[in-house]
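S.K.: Here you go, one structure.
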Amino acid sequence: AQPDLIAPSILSADFARLGEEVENVLNSGADIVHFDVMDNHYVPNLTIGPLVCEALRKHGIQAPIDVHLMVKPVDRIIPDFAQAGASYITFHPEASDHIDRTLQLIKSEGCKAGLVFNPATPLSHLDYVMDKVDMILLMSVNPGFGGQKFIPGTLDKLREARQRIDASGRDIRLEIDGGVKADNIREVKAAGADTFVAGSAIFGAGEDSDPNRYDSILKKM
Ligand code: DX5
Ligand code: ZN
C-alpha cells in the first residue's frame, strides 16, 4: 500500500496569489497539487490551462501536479500539460472517444494516467484497462464547482474500487474529489481512498495571516 496523500484543489485558492498559496499549503504538509481544468463545454465552468501549470513549475513548485481534465475533446491538450510539468493526468471516460488510446497517450508523454468517475458513471469502464491505469479518481460531487456537498453513495463505490485495485495487484492510487472535509475524511479513508482532494475545506479555512490555517484538515490524517 502507498502512503496517503493530501491533494489541495487550487480551484479554491486565491488565483491572484497562486504561487504563494501553493507554497504555503505544501509547507503546511500537503503532498500533491490538484489542478482542475474546466472548459465551459464538458463542464459549465472555465478555469486554467497548461500556462498556469508551467507558471507553477517556473515558480519553483516541485511537488507532483495532479491534473484533473474536465475537457472535451481531451487528447489534444495532453502533450501541452506533459510539457508544462504535469505528473498525473486524469480524464473522464465520457470525454474520450478512445479511452485506451488516451491512457496510452498520457503514458507515452511520461505522465501517470488515471480515469475519473462522475457520481453516476459505472466503474465498468475499468474492465479492460486496469493494466494502464495509475490512478482512479472518484467524484463525490458532480464536476464543475468547488464547495459542493459530498454524495454519500460514493462510499460504496470507493469500497468497490478498492476491491478492484486489490484484486489487480497493481499500485493504483484511489483518489476522492468533492466535499471532503475534516469531519468526513476518516470515513472516506476507511472506505478505501488513499488520495484526498480538498478545495474549499483547505483554502477556505481561517485568515490569510494565520500560518496554521490549513491545519484543521491537513493534520486530521
Ligand atoms: C470539482 C473539482 C474539485 C473541487 C473540489 O469539479 O474537481 O477538485 O475543487 O472542491 P471541494 O473540495 O470544495 O468540494
Ligand atoms: Zn478535481
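S.K.: Checking the structure you have, find out if any residue of region 199-210 is more than 16 Å from ligand 1 (Cβ to nearest atom), without any contact (Cβ under 8 Å) to a residue 40 or more places away in the chain and open to solvent by less than 20 Å² (accessible area, probe 1.4 Å).
M.R.: no
S.K.: Based on what the data block shows, is S108 at pLDDT below 95 and at negative phi?
M.R.: no
S.K.: If A82 meets every condition in (1) within 16 Å of ligand 2 (Cβ to nearest atom); (2) free of Cβ contacts under 8 Å to residues at least 40 places away in the same chain; (3) more than 22 Å from L138 (Cα to Cα) apart from one, which number is that one?
M.R.: A82 satisfies every listed condition except (1).
S.K.: Kindly provide the set of residues from region 78-116 that are open to solvent by 40 Å² or more (accessible area, probe 1.4 Å) and within 16 Å of ligand 1 (Cβ to nearest atom), ordered by number.
M.R.: The one that is open to solvent by 40 Å² or more (accessible area, probe 1.4 Å) and within 16 Å of ligand 1 (Cβ to nearest atom): E94.
S.K.: Looking at L46, L56, which is the one that is farther than 18 Å from A113 by Cβ, more than 15 Å from ligand 2 (Cβ to nearest atom) and either in contact with a Phe, Trp or Tyr (Cβ under 9 Å, 6 or more places away or on another chain) or modelled with pLDDT of 95 or more (or both)? Walk me through how you get there before you give the answer.
M.R.: On the way: L46 fails: more than 15 Å from ligand 2 (Cβ to nearest atom).
Answer to the check: L56.
S.K.: Among the listed residues D36, D31, identify the single one that is open to solvent by less than 60 Å² (accessible area, probe 1.4 Å) and part of a loop (DSSP other than H, G, I, E, B).
M.R.: Only one candidate qualifies: D31.
S.K.: Oh, and also: Do you know which of the residues in region 123-171 that are touching a strand residue (DSSP E or B) at 6+ places or on another chain (Cβ under 9 Å) and polar (S, T, N, Q) is nearest to A13 (Cα to Cα)?
M.R.: Once the filter is applied, the top-ranked residue is S140.
The values are calculated or read from the model by the stated rules, or taken from the named source; none is laboratory data. Here the structure is a predicted model, which is why all the values come from computation and not from measurement. Backbone-built Cβ (ideal geometry, glycine too); neighbour counts: all protein chains shown. Protein only, heavy atoms only, side chains kept; ligands, DNA and RNA dropped before computing areas. Shrake-Rupley method; radii C 1.70, N 1.55, O 1.52, S 1.80 Å.
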